[in-house]
């Protein structure tokens, strides 16, 4: 589906969409914990639906009560069917490890075409080091993945940390129920550290203990019992970042309610980025207000810890007469699309000077963008949302392909965008 975006201004108030990362993690922790847990304010989107289905296949009883979802866990079973993760890389990585804890049998995990390109070798090698038999069905270290269930022995293992923090999070989930405990050493420079912090925070809320040393070494005691609990999902800075960027680009004012700094979120970095681009940002007890500069900015940004901000910052950079350099996101090439390539291709349609770097982008934007072009989202929800807000800041507006991809992480994106003034027409 394509949308036509007219020149318009982002101005108004919205409630933050619930965090996708925390919804995944809370479901997974509830699956492992005996008793009934409440997940309050969960994100209901395609990616998190994949995690809900995975929990059901692995033995959880899941009931949706509207404001919260009840998950009765603690009794894993071997899945009766293939675990189809759809487009969710987090589900694939977390449940590859968790499925090894199920009783004897085999679990098969796969997903869509994008998922079947995602690298899995570091996770598979680490699991093998902990006594798990697992392999790629095509013998190319990508999904479909086959896991022999029956438990995780544990011990010492190493894992590469420069591709995805999801590998580390997956091992931590499996480790709390391992037989001997796990000592995990991370090789190379780990990326997306705040996502690992989020994993540890969720596991801690469910009573599990993970000892960490600077994201380079983890020690986890095996056989932990954990406990059921009520976990409230915070608002998602990553989703809110798109309309915040829209306020910056169009010179509007946006208040996003339901955002809090209490739990670690990598994408909270957007606050500092907006300020450095010249917008005013005010933090309240439960809200963030952005007063947009209408463009400008530039500078250099290391997004190693927050790679999902690459599309947001790239479109902000497009409407700046200064040079912007984005680094530290080589691992963004392994997302729903090669986000470095996708952003470079689409920004060039506006006459913006873009150079692909091995680990990022160099963008020299323009203070005025004519528009009138058609953007391809490359099957990537974050690319779609980024170019939707950028299109509103052009003189002629633009068409953006792939609106259906927003359902993956932010089903209410188009509704929220319209409610704060973005001129959108579905076509």
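Please treat every number below as a calculation from the coordinates, not as lab data. The structure displayed is predicted, hence computed values, not measured ones. Cβ coordinates were reconstructed from backbone atoms using ideal geometry, including for glycine residues, and neighbour counts include every protein chain displayed.
With contacts defined as alpha carbon pairs under 8 Å and 6 or more residues apart, what's the relative contact order of the chain in percent?
Relative contact order, the chain: 19 percent.
What FRET efficiency comes out for residue 78 versus residue 139 if R0 is 35 angstrom and r is the Cβ-Cβ distance? Round to the nearest 0.05. Please report the intermediate quantities before stating the final value.
Details: r = 23 Å, r/R0 = 0.66.
For residue 78 and residue 139, the calculated efficiency is 0.90.
Work out, step by step, the length gained on full extension between residue 225 and residue 15: first 0.36 nm times the residue separation, then minus their alpha carbon distance; give nm to one decimal. Please list the in-between numbers first.
Values: separation 210, 0.36 × 210 = 75.60 nm, distance 3.57 nm.
Between residue 225 and residue 15, full extension yields an extra 72.0 nm.
Name the most mobile residue of 274, 396, 414, meaning the one with the largest mean-square fluctuation, in a Gaussian network model of the chain with Cα contacts below 10 Å.
Per the Cα network of the chain with a 10 Å cutoff, 396 tops the list.
How large is the direction-averaged shadow of the alpha-carbon convex hull of the stretch 114-207, in nm²? Display every interim value, and only then the final one.
Working: hull surface 24.8 nm².
Projected area, direction-averaged: 6.2 nm².
Under a point spin-label approximation (7 Å from Cα along Cα-to-Cβ), what is the residue 368-residue 214 distance to one decimal in nm?
Here the answer is 5.1 nm between the modelled labels.
Please identify, among 293, 50, 318, the residue showing maximal mean-square fluctuation in a Gaussian network model of the chain using a 10 angstrom Cα cutoff.
293
Once you sort the root eigenvalues of the Cα gyration tensor of the stretch 217-366 as a ≥ b ≥ c, which label holds: rounded (a/c under 1.5), prolate (a/b larger than b/c) or oblate (the other case)? All intermediate terms of the calculation are to be shown ahead of the outcome.
Working: a/c = 2.62, a/b = 1.38, b/c = 1.90.
Oblate, because a/c is 1.5 or more while a/b does not exceed b/c.
If I fit a long axis through the Cα atoms of helix 20-32 and take the longest principal axis of the Cα atoms of the chain, what angle between them do I get, 0 to 90°, rounded to 10?
Result, in degrees: 10.
To the nearest 10 degrees, how steeply does helix 46-57 sit against the main Cα axis of the chain, on a 0 to 90 scale?
Approximately 10 degrees, to the nearest ten.
Please compute the Kirkwood hydrodynamic radius over the stretch 49-130, one decimal place, Å, based on all pairs of different Cα atoms.
13.4 Å
Between residue 106 and residue 40, what is the label-point separation in nm under the 7 Å Cα-to-beta-carbon projection?
Result: 4.4 nm between the two label points.
Can you bin the stretch 277-379 into rounded, prolate or oblate? Criterion: square roots of the alpha carbon gyration tensor eigenvalues sorted a ≥ b ≥ c, rounded for a/c under 1.5, prolate for a/b above b/c, oblate for the rest.
In terms of gyration-tensor shape, oblate.
Most fluctuating residue of 161, 292, 131 in a GNM of the chain with Cα springs under 10 Å: which is it?
In this elastic network of the chain, the residue with the biggest mean-square fluctuation among 161, 292, 131 is 131.
Can you give the FRET efficiency to the nearest 0.05 for residue 418 and residue 300, using r as the Cβ-Cβ distance and R₀ = 30 Å?
According to the calculation, E is roughly 0.30.
In what sequence, highest mean first, do 334-341, 351-358 appear when ranked by Cβ atoms within 10 angstrom? Provide the component values of the computation, followed by the final result.
Details: 334-341: 21.1, 351-358: 14.4.
Descending packing order for the listed peptides: 334-341, 351-358.
Using 1/(1 + (r/R0)^6) with R0 = 51 angstrom and r between the beta carbons of residue 183 and residue 280, what's the FRET efficiency to the nearest 0.05?
0.65
May I ask for the angle, rounded to the nearest 10°, between helix 381-392 and the longest principal axis of the chain, with both axes built from Cα atoms and the value confined to 0 to 90°?
10 degrees
Rounded, prolate or oblate: which fits the stretch 20-232, taking a ≥ b ≥ c as square roots of the Cα gyration tensor eigenvalues, rounded meaning a/c under 1.5, else prolate when a/b beats b/c?
Rounded shape, in that the Cα axes give a/c under 1.5.
Ranking request for peptides 22-29, 82-89, 416-423: highest mean number of other beta-carbon atoms within 10 Å first, then the rest in descending order.
Order by mean packing, descending: 22-29, 82-89, 416-423.
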